[in-house]
Amino acid sequence: LLSPALADMQGAALYQFDDAQFRPDDYESIQRVGDGTKLGDPTKTGQFGLGFNSVYHVTDTPMFVSGRDFVVFDPHEAHLPDGLPGLCEDASSLSRACPDQLAPFQGIFGCDVDAGCWRTRSGQGTLFRLPLRTREAAGRSRIKDG
């Protein structure tokens, strides 16, 4: 794992798959907690102002693989090395260095992190993994009560 503190994030989780991958403006937008930048755009998820921020109802550490990128957010700065609030790494390289970190993604909806590709009809994909917040984590969370 990238950090021993991420061990609790390897358990029960919700998955969500999309057969497209993130574009540079998607990475910019998703980093803004509470900032509905897609308001009123009927072609975008998040057009009603909540979008990705809704994941914080169930998790404190959302993570995903999009294209060749592995991304994890840690707004509490409690789980990633050096107290980082998030990171983006090459999934294939990280899979070799920290295989347990990416194991929960391997083979799900065509995600092949070991080979660095997607075995989908489009050859692309984004797979979100939302580790469910435990009771203990809920007691410490400053993002979502309970």
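Descriptive notes on the structure:
- Residue list for region 83-118, filter: in a strand (DSSP E or B) and of a type in the set (Gly, Ala, Ser): Gly86
- If only residues of region 104-146 that are hydrophobic (A, V, I, L, M, F, W, C) and farther than 19 Å from Ala13 by Cβ are counted, the one that is modelled with the highest pLDDT is Trp118.
- Members of region 124-146 found to be out of contact with any His (no Cβ under 8 Å at 6 or more places or on another chain) and more than 17 Å from Gln16 (Cα to Cα), listed by number: Thr134, Arg135, Glu136, Ala137, Ala138, Gly139, Asp145, Gly146
- Scan of region 1-29 for residues that are among the aliphatic types (A, V, I, L, M), surrounded by fewer than 14 Cβ atoms within 10 Å (Cβ to Cβ) and under 14 Å from Phe105 (Cα atoms), ordered by number: Ala12, Leu14
- Subset of region 79-110 (residues that are of a type in the set (Asp, Glu) and open to solvent by 60 Å² or more (accessible area, probe 1.4 Å)): Asp82, Glu89, Asp100
- Residues that are in contact with a strand residue (DSSP E or B) (Cβ under 6 Å, 6 or more places away or on another chain), open to solvent by 40 Å² or more (accessible area, probe 1.4 Å) and of a type in the set (A, V, I, L, M, F, W, C), drawn from region 111-131: none
- Test: residue in region 36-47 that is under 30 Å from Glu136 (Cβ atoms), of a type in the set (A, V, I, L, M) and modelled with pLDDT under 95: no
- Subset of region 48-72 that is open to solvent by less than 70 Å² (accessible area, probe 1.4 Å) and assigned to a loop (DSSP other than H, G, I, E, B) - its residue that is modelled with the lowest pLDDT: Gly49
The values are calculated or read from the model by the stated rules, or taken from the named source; none is laboratory data. Just so you know, these numbers come straight off a predicted model, no measurement behind them. Backbone-built Cβ (ideal geometry, glycine too); neighbour counts: all protein chains shown. For accessibility, only protein heavy atoms count, side chains too; no ligands or nucleic acids. Shrake-Rupley method; radii C 1.70, N 1.55, O 1.52, S 1.80 Å.
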